[in-house]
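Single-structure report; data block below.
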Amino acid sequence: MHLRRFLPVFSLLCGLCFHSSAAAEETPGASQVIDMNSGEWDGIVNIDVSVLFPDYREPWNAGQPSGGSGTGFLIGKNRFLTNAHVVSNATKIVIRTTNDPQPHPARIVHVAHDCDLAIIEAEDGAPFEKMRQLTFGGIPKLNTEVIAVGYPIGGDRISVTRGVVSRIDFRTFSHSGVDQHLAIQVDAAINPGNSGGPVLQGGKVVGVAFQGYSGSVAQNVGYIIPVPVIQRLLKDVEDGRYDHYVDLAITDFPVENVAQKKALKLGDDGVGVMIADVEPAGCASGVLQRGDVLLSMDGNPVLNNGLIRFEGELMDMNEVVERKFAGDTLKVSLMRDGKKSDKEIKLTRFAPYVRLGSTYNQRPRYLVYAGLVFQPLDRNLMDAHQVRDPVANYLFDNYLTDKIYVERPEPVMLTTVLSDEVNTYFAAYAQSVIDEINGMKIRNFQDVAEALKKEDARKDFIVIKLVEKGRPLVLRRDLAEAAHPRIMKTYGIPEDSYIGSEEE
């Protein structure tokens, strides 16, 4: 697909219900308790989770424990589908049903953070062998009724919320904050705890409830993940692993102006969208160029506004790539300098894009040296530290648009200075991005550890240059080595680093 744009989703409220001592109230009349004796809802379960939120401010700590609940439903033998955000950072998962209050321990089988879906299984599947599996339908039509079924507000009984389909469009998924996929807007309230629950039409699943707007932004506006996204996940994991979505990693703009069409030698058939940019690290690099006019994808004409008729419906042209997998080929027709040509693109994941989104189920990476705390720059870090440094914010906000990832695949920040006499006057440089250490260019986090190795020392000093900062930080190596264990003890830091790997 073309490059999904980074769109913060501050107003979206995910439907995961976190445990709280405060009493929660449901919107009067928004949902109703339904009869469990009918067996129609037998395959819908409540999922309780214990979670551990990573601590990016003090990454050597275990993190902050919490808990929450969501909904899931049976899609195969001992296989339950739910949202990724329901089970993210989970340390314990249990499944409950209305007819069986016994908690059943469960575990994650597959998790897809880029489309906010997960598959879990009970450690003992025997109690669920006779449970009814839910089946999938298709994409519901506009202005048709659907019902969202689940355990909203963490209740012990299933409830149902009714509404109609009001829009089908590409939207940003709030779980990662950057990924965009096909989503269905409904006017049924998606309350906390509904997450992961099925949305039904005619007794078949037409989507999974996953997010909604807070009341201050819009009322009774919820979103569901449609069946094509769900089926893509199920197809992807057939080989036992999840390979993530692929990206065409291009940007485009519509060609609707008459003069533009003539200049590009386009006809009056409404076909053709211009390529605005091609990411050098993307799979389209070397195949597509800025200024090309994309005419079709896999034989489907691309209209001037970027839409494409796919499976009988007008959709964003992304949808053609959305249905493909890593290693698949996309056939494109394009016009370059007035000449038409056909090309093929082998699709891959666009790794630099992932750094802009929230990550889960990962231990924060860090390195402490003489009280200086180094961490890789990513969205989790930016949010946790509420970074205000203009250089750091520029590098993060323009990571893609200015192709910063080419020179710095993984920028590294000096996040904190743990005060000690060896690092006097360095506190003002916290939240600065590292440029060099002892003459070694810092391209990723592992470079920091390499540059600080004693055997690689240059003379008796450690010189740290910061991006766009004129004054370097200089440590006497002997004093830094002597101070390091003292600082570790003073601040109660059990280990001075967790490097992990660049792929994390």
Could you check Leu295 against (1) crowded, with 16+ Cβ neighbours inside 10 Å; (2) in contact with a Pro (Cβ under 8 Å, 6 or more places away or on another chain); (3) closer than 22 Å to Asp169 by Cβ and say which number it fails? (3)
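Okay, residues lined up against (1) among the hydrophobic types (A, V, I, L, M, F, W, C); (2) out of contact with any strand residue (DSSP E or B) (no Cβ under 6 Å at 6 or more places or on another chain); (3) in a strand (DSSP E or B); (4) surrounded by 15 or more Cβ atoms within 10 Å (Cβ to Cβ):
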site: Pro59; (1), (2), (3), (4): no, no, no, yes
site: Arg96; (1), (2), (3), (4): no, no, yes, yes
site: Asp114; (1), (2), (3), (4): no, yes, no, yes
site: Glu121; (1), (2), (3), (4): no, no, yes, yes
site: Lys130; (1), (2), (3), (4): no, yes, no, no
Name the single residue, out of those in segment 159-183 being surrounded by fewer than 19 Cβ atoms within 10 Å (Cβ to Cβ) and among the small types (Gly, Ala, Ser), that is modelled with the lowest pLDDT. Gly177
So which pairs qualify, if the first residue must be in segment 44-62 and over 30 Å from Asp100 (Cα atoms), the second must be modelled with pLDDT of 95 or more and in a strand (DSSP E or B), the Cβ gap must be under 6 Å, and the two must be at least 6 apart or on different chains? Pro59/Tyr366
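Could we say that Lys92 is within 25 Å of Ser176 (Cα to Cα) and either surrounded by fewer than 17 Cβ atoms within 10 Å (Cβ to Cβ) or out of contact with any Phe, Trp or Tyr (no Cβ under 6 Å at 6 or more places or on another chain) (or both) here?
Details: within 25 Å of Ser176 (Cα to Cα): yes; either surrounded by fewer than 17 Cβ atoms within 10 Å (Cβ to Cβ) or out of contact with any Phe, Trp or Tyr (no Cβ under 6 Å at 6 or more places or on another chain) (or both): yes.
Criteria met by Lys92.
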Return the total of residues in segment 233-261 being β-branched (Val, Ile, Thr), touching a residue at least 40 places away in the same chain (Cβ under 8 Å) and not in a strand (DSSP E or B). 3
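Would you confirm, using the coordinates I've provided, whether Asn99 is at pLDDT below 95 and within 20 Å of Thr161 (Cα to Cα)?
Numbers: at pLDDT below 95: yes; within 20 Å of Thr161 (Cα to Cα): no.
Answer is no for this residue.
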For segment 262-283, does any single residue satisfy the condition of being under 30 Å from Ile75 (Cβ atoms), touching a residue at least 40 places away in the same chain (Cβ under 8 Å) and not basic (Lys, Arg)? no
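Can you tell me how many residues in segment 312-327 are over 22 Å from Val178 (Cβ atoms) and in contact (Cβ under 8 Å) with a residue 24 or more places away in the chain? Spell out how you get there, then give the answer.
Narrowing segment 312-327 to residues over 22 Å from Val178 (Cβ atoms): 312-314, 327.
Those left that are additionally in contact (Cβ under 8 Å) with a residue 24 or more places away in the chain: 313.
Matching residues across segment 312-327 total 1.
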Identify all residues within segment 349-395 that are small (Gly, Ala, Ser), surrounded by fewer than 19 Cβ atoms within 10 Å (Cβ to Cβ) and not in a helix (DSSP H, G or I); write none if there are none. Ser358
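Condition (residue is part of a strand (DSSP E or B), out of contact with any Leu (no Cβ under 9 Å at 6 or more places or on another chain) and buried (at least 22 other Cβ atoms within 10 Å of the Cβ)) applied to segment 144-158: is it met by at least one residue?
Looking only at segment 144-158, we keep the residues that are part of a strand (DSSP E or B), and these are 145-150.
Subsequent filtering for residues that are out of contact with any Leu (no Cβ under 9 Å at 6 or more places or on another chain) retains 145, 150.
This time we only want the ones that are buried (at least 22 other Cβ atoms within 10 Å of the Cβ), so: 150.
Within segment 144-158, one or more residues are part of a strand (DSSP E or B), out of contact with any Leu (no Cβ under 9 Å at 6 or more places or on another chain) and buried (at least 22 other Cβ atoms within 10 Å of the Cβ).
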In segment 318-347, residues that are of a type in the set (A, V, I, L, M) and in a loop (DSSP other than H, G, I, E, B) total 2
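The values are calculated or read from the model by the stated rules, or taken from the named source; none is laboratory data. Just so you know, these numbers come straight off a predicted model, no measurement behind them. Glycine gets a Cβ as well: all are built from the backbone with ideal geometry, and neighbour counts include every protein chain shown.
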